[in-house]
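The values are calculated or read from the model by the stated rules, or taken from the named source; none is laboratory data. In this text the structure is predicted, and so the values were computed from the model without any measurement. Reconstructed Cβ throughout: ideal geometry from the backbone, glycine too, with neighbour counts over all protein chains shown.
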Amino acid sequence: MKTPKDCLGHLSGGKVLDVATGVGGFIDFLIDGLKDYTQIIGIDTNEAVRASFERNFKDSPRVSFEMMNAKQMNFPQASFDTVCIANSLHHMAELDEVILEMKRVLRPGGNFIILEMYRDQQTETQLTHVLMHHWWAAIDRIQGVFHAETYTRQKIIDLVAGMGLRDVVFHDLSDTTGDPRDTETVRQLEDSIDRSIQKAGGEHELKRRGEDLRKRVKKVGFHNAASLMVTGKT
């Protein structure tokens, strides 16, 4: 499997913005991969993730969190050297607006980084992850939360082609070396399925899908779905 250094080791990050950062999972990848950086700011609209984010980076003074809507950021034009978005394209109801805003706050010649899982060209164990993710998305939608199914690999490529980036490089990230039926992983997935079934309420079809996924996890196993990483410059 490609490492963070394989993907990002040629890039100096400078001042970095991570959009839809959540608890900062992709920031760990950036720190491990980038040649260097001066500051990383993660933004998100979910206040509930702040405590976990700040706990994760309590020993990293150059990493910080800000509550902010990616469609209308409180940053001046061209104020970042690198902008990133990871596993969040399919969570954006107005994705075009988000991309334009990311490009606005990125300096000319800056780095634009995307990481996104895709739904096709997966192994059977990785397909378990895709099917679970699509089920989680369906549950979010009945609760009024925008959450589309993941894109195909080609759709991600087509999206990037329309962004006008130069020096674009693609990396497929996939790791199926671990035990697909690891006891702890299966336990965590079953716990997640239980919680999601509760969230499904009276939606019997969604509950049935959850029980089918429980059986699939035990029979087929689970690996994280393959993702496409894209780096380019404005």
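Which of the following residues is loosely packed, with under 14 Cβ neighbours inside 10 Å and small (Gly, Ala, Ser): Gly14, Gly22, Gly9?
Selected residue: Gly9, the only one of Gly14, Gly22, Gly9 that is loosely packed, with under 14 Cβ neighbours inside 10 Å and small (Gly, Ala, Ser).
Does segment 117-139 hold any residues that are surrounded by fewer than 18 Cβ atoms within 10 Å (Cβ to Cβ) and of a type in the set (Val, Ile, Thr), and which are they?
Thr123 - this is the single residue of segment 117-139 that is surrounded by fewer than 18 Cβ atoms within 10 Å (Cβ to Cβ) and of a type in the set (Val, Ile, Thr).
Just need a number here: residues in segment 70-96 that are closer than 23 Å to Arg141 by Cα and surrounded by 14 or more Cβ atoms within 10 Å (Cβ to Cβ).
The number of residues fulfilling the criteria is 11.
Within segment 44-58, identify whether any single residue is over 18 Å from Asn87 (Cβ atoms) and part of a loop (DSSP other than H, G, I, E, B), and answer yes or no.
Within segment 44-58, one or more residues are over 18 Å from Asn87 (Cβ atoms) and part of a loop (DSSP other than H, G, I, E, B).
Among the residues of segment 175-190 satisfying the criterion of being hydroxyl-bearing (Ser, Thr, Tyr) and surrounded by 13 or more Cβ atoms within 10 Å (Cβ to Cβ), which is farthest from Ala226 (Cα to Cα)?
Residue satisfying both the conditions and the ranking: Thr185.
Considering only segment 59-72, state which residues are of a type outside the set (S, T, N, Q), farther than 17 Å from Tyr37 by Cβ and assigned to a loop (DSSP other than H, G, I, E, B).
Met68, Ala70, Lys71
Would you please name the residue that is surrounded by the fewest Cβ atoms within 10 Å (Cβ to Cβ), looking only at residues in segment 25-43 that are outside any helix (DSSP H, G or I) and of a type in the set (Val, Ile, Thr)?
Checking each candidate, the answer is Thr38.
Between a first residue in segment 140-163 that is surrounded by fewer than 16 Cβ atoms within 10 Å (Cβ to Cβ) and a second residue that is of a type in the set (Phe, Trp, Tyr) and assigned to a helix (DSSP H, G or I), which pairs have beta carbons less than 9 Å apart while being 6 or more apart in sequence or on different chains?
none
Name the single residue, out of those in segment 186-234 being of a type in the set (Gly, Ala, Ser) and assigned to a helix (DSSP H, G or I), that is nearest to Glu124 (Cα to Cα).
Result: Gly210.
Quick check on Arg107: is it modelled with pLDDT of 95 or more, among the basic types (Lys, Arg) and either touching an Asp or Glu at 6+ places or on another chain (Cβ under 7 Å) or within 24 Å of Asp191 (Cβ to Cβ) (or both)?
Here the answer is yes, as Arg107 does meet what is asked.
Can you name the residue in segment 199-214 that is within 26 Å of the chain's Cα centre (by Cα) and free of Cβ contacts under 8 Å to residues at least 60 places away in the same chain and is also nearest to Glu184 (Cα to Cα) among such residues?
Among residues in segment 199-214 that are within 26 Å of the chain's Cα centre (by Cα) and free of Cβ contacts under 8 Å to residues at least 60 places away in the same chain, the one nearest to Glu184 (Cα to Cα) is Arg214.
Given the conditions (1) at pLDDT below 95; (2) over 16 Å from the mean Cα position of the chain (by Cα), and given that Asn46 satisfies all but one, which numbered condition is not satisfied?
Unmet for Asn46, out of (1) at pLDDT below 95; (2) over 16 Å from the mean Cα position of the chain (by Cα): (2).
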